[in-house]
Each structure stands twice: as C-alpha cells, then as structure tokens.
Amino acid sequence: MEFVTQKYSIPDEPMKPFIDPDEITCILKNAKPDKRLISDIIDKSLAKTRLSMQETAVLVNATDPDHIQMIKDGARKLKENIYGNRIVLFAPLYIGNKCQNNCTYCGFKASNKNTVRKTLSDNEITHEIEALEDNGQKRLILVFGEHDQYDADYIAHCTKLSYSVKKGNGEIRRVNINAAPLDIEGYRKVKEAGIGTYQVFQETYHPEAYKTYHIRGKKADFGYRLTSLDRAQEAGLDDVGIGALFGLYDWKYEVLGLVRHTNHLEACYNIGPHTISFPRIKDASMLKMGTKYMVSDSDFAKMIAVLRLAVPYTGLILTAREPAELRKECLNYGVSQIDGGTKLELGSYSHTRNEEQNLNKGQFRINDNRSLNEIIDELLEQNMLPSFCTACYRLGRTGEHFMEFSVPGFIKRFCSPNAILTLGEYLLDYAVEETAQKGWQVIEKNINELPDEKIRTKLRERIAEMKNGKRDLYF
C-alpha cells in the first residue's frame, strides 16, 4: 500500500502552536486496524521511516491479541536493528523543589504545605555528585522545580558545577536538564554551559484537559509551553526531549500528540526530539487524582512498542516510576534509556538510609529501588549491554548530525563499541566481583559479534589501555 503525505489543519510554523485536538480525535476515531494494514505500517517503520499520525492511530487502536503481538514483535526487531542490545543508564539529581505552579498531580505544587522547600547548596550538590560518582554514574539529569530562582543563569551554574566534580576515576560527562521552559536568550546561556538534552514535557497535549490540571503559574499557558522547544531550536540548542504524563488524558490521544510534536520539530527545524519520555501518574504528596485516564500495564507496554515504531530514531526513556518486572519487559519493545539507583529526595544520594527518613519527600514515589549495580547485573543476565556513553554529544553528533547517523541506523556502529568501553570502565572501577565476571563475558561476546575486524582490534587495544589506567576512551 502507499501512504499519503500528512497534511495538518494547523500548518507547521516556527514558534506557533500546532496542536488541533479535534484533528487528533478525528484521526483516532477513523483509524480501523486490520492485519494487512498493521503489517504494512510495521514494514514502513522497519525501513526506518517515521510514521504519520494516521498510521500511529491504527497501531494504538489495535485490540486483537495477534495484532498487538505483531506490534511488539515489530518494535523488538526495530530496536535490535537500530540500537542493538545496549541500554543507556543515567541518574536524576533533584536540585530544588521550589515551585510557583499549582499542578494538581504534582507533589511540588505551590499549595502543598506539607513539602519543605529546599534548594541544594553548591556544597550539597558537590556531595551528591561525589556519591553518584562513587556508584559509577557518568550521566545525570538535573531536575528543578519551576521557580524564578531556577533561571537560566542558575541552571548554567549547576551544570558547570556538575562537570567540575571529580572523585577518583569518577566524573560526570553528560548533564541533561529537566526544568521550566526558557526564553531564547535563556536557552543560549544553558547551551553555552555545555548541557546535553533539555527536556520539557507538555504533560498533556489536550488544551482543555491541560487547563483543569494547571491552575496557576507560568505553566498554565498551554501555548507557551507547547512552543518551548521551538525557542530552544531558535537559540541553537538542537538537543531536546519531549514527553507526556500518562494518566491526565486518554493515552491514545497523548501518543498522537507526541508524534505530532515530533513531526512539527522535523518540519520546522529538520530535527526531531533526541528523547521521548512517558511517565505514568504515581503516588505523590497531596495527590488526588481520579482513575479515568490511568494506563494499565498491558496498555503501557503496548504504547511503548507503538512509540518505538512511530519514531524509530528517538531514544525512549523509562524511569524508576515503574516496577522492575515491567521495566524488564518493556526493554524488549524499544526502551533505550533507564535510570538506576534512583533517589528523589533532595540530598538523598549522599545520606545513609537512617538519615533519609528525615529528608524531604520526593515529587512522586519510585517503584524500582534497586541499586545501579543490581540493575546492571540484571541487564547482563539478559545479555543487554549497559552503557554510559556520551561520545556523540562531545563529538557534535547531535541535532541534524545525529539525525544523519541515527535515522538510517548507522549510529549502532558508534554506540556498540562505545557502550563496551564505558561498561569496561564500570567493571574495573565500581562493579562487585560477580557482576564484573558477567560483564567481561558479555563484553567478549559483543566484541566477537561486531562485523568490523578493525573495530574489534581497536576495541581490544583500548580495553588493554583501560586496564593499565586510561579512562574516557571512545570512538
């Protein structure tokens, strides 16, 4: 079958809102799945071509168990083709929980008098990062409440501070940001500080639903938030992440909203999002939510598979909000990044468990409390390749350059060798003995499976250099 080029009721123009809820609703209503159509759509995705909203709607509307299995199998195959077996690891670090918004679903909301407001001092941030480095972390996402104190200058300051902290062989090589939308000048400032991805989640792409959850504060402006990453692109910050908070509105609608956002960025800037996130509503302080839009585990797994097929080149992030068993399952359907050893309470990485009881409660509850080493150990058991790689960002393979490599699937040529090298660092410096033994076996297996003999030889040479004390080697 042939697929018609998508035309939207609201044309794509830089810095202008692009969501038409009636259009998305109509597309969902008219999408009728059948086996042949689903097969054709999966084939298109396996050719590494992004799907339209209509094609995505066919997948999300599938209910037949055989059709859903086709979707999951297609997503698994696509992930293997593009990303191989690597899983990128990171840790969130909450810097401050002051907030001027009053989002009904969030523990940080301004009306929550049970939350003790705090911003980590530079000294506390340093201790937190040292503790994370002691566990082997190399990639952080700094998380800020939406407050005037956490402006571009402060975010830039925290970024530079994070990069400056060194302990033993530990260092942070990638600092991503999850914070309030900035103006163009603000994005320029944080770009100059050397940030990686700047994440802004729309929460829900349905304007009327958005109004019911966002009572006051700057975040109440749906259009301003929707165009936040347009401003990042205008500022030259081409590495951005989008997301929706599932449980606020119909999950099928939100998936199409994410695809529409992706299409908009590509149409206006020739660059899609580097990552897509899909957190589900979880328990939080003062959380009072109905269950109408809650997403079941089965629908959640299917949704991840659909997103993998819809946007083949984009990294999919699955956080410790989700329980370990569900995370394990969803790794097969397209997830490429997970957090490990996560703690949400301010200052909790550098405190003992007894001290943690007196710390401020986090934004929401996590459901995977395993240590980073426990998660790595399980990934190795699954023959996954844990990765702390940051080479692409430091070599300028972002934005259009990243698209050039990742859309055709060529990024795998860089990512697998670099994942092996970063795993080797972890095994040498931080892993317990049992994990180290498993890890070197997985490394040897993955080296032998690389098709390029020259790369295999160089890898072995660099591993020998690492065992003699060198660090931060990459392709």
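Read the figures in this text as sums done on the coordinates, not as results from a lab. Everything numeric here is computed off the predicted structure, so don't read it as measured data. No Cβ is skipped: glycine too gets one built from the backbone with ideal geometry, and neighbour counts run over all protein chains shown.
Observations, loosely collected:
- Assigned charges on the beta-carbon of Lys, Arg, Asp, Glu; segment 411-467 dipole about Cα centre (debye): 280
- Per-residue Cβ neighbour rank within 10 angstrom, fewest leading, Phe201, Phe18: Phe201, Phe18
- With bins 20 Å wide beginning at 0, the percent of Cα pairs of the chain falling in each bin runs 24, 60, 16, 0.
- Based on C-alpha pairs under 8 angstrom that are at least 6 apart in sequence, segment 80-394 has a relative contact order of 23 percent.
- Net dipole in debye of the chain [+1 Lys, Arg Cβ; -1 Asp, Glu Cβ; about Cα centre; nearest 20]: 120
- Sparse-neighbourhood loop sites, GluC sites (Glu not before Pro) in segment 1-65 - DSSP loop, at most 13 other Cβ within 10 angstrom: Glu2
- Phi to ³J(HN,Hα) by Karplus 6.51 cos²θ - 1.76 cosθ + 1.60 over segment 64-72, Hz, x for Gly, Pro: 5, x, 5, 5, 5, 5, 4, 5, 5
- Of all DSSP-defined beta bridges confined to the chain, some 10% are antiparallel rather than parallel.
- Residue among Asn102, Cys158, Gly396 farthest towards the positive dipole end of the chain, charges placed on Cβ: Asn102
- Shown for the chain: cysteine residues without a partner Cβ closer than 4.7 Å, namely Cys26, Cys99, Cys158, Cys268, Cys330, Cys389, Cys392, Cys415.
- Ordered by the count of other Cβ atoms within 10 Å of each Cβ, fewest first, Lys219, Lys470, Lys302, Lys191 give Lys470, Lys191, Lys219, Lys302.
- For the residue pairs Lys35/Lys302; Lys48/Lys79; Lys138/Lys343; Lys138/Lys328; Lys98/Lys219; Lys189/Lys218, alpha carbon separations beyond 18 Å are given by Lys138/Lys328; Lys189/Lys218.
- Taking the fewest neighbouring Cβ atoms within 10 Å as the starting point, the ordered list for Arg225, Arg117, Arg139 is Arg117, Arg225, Arg139.
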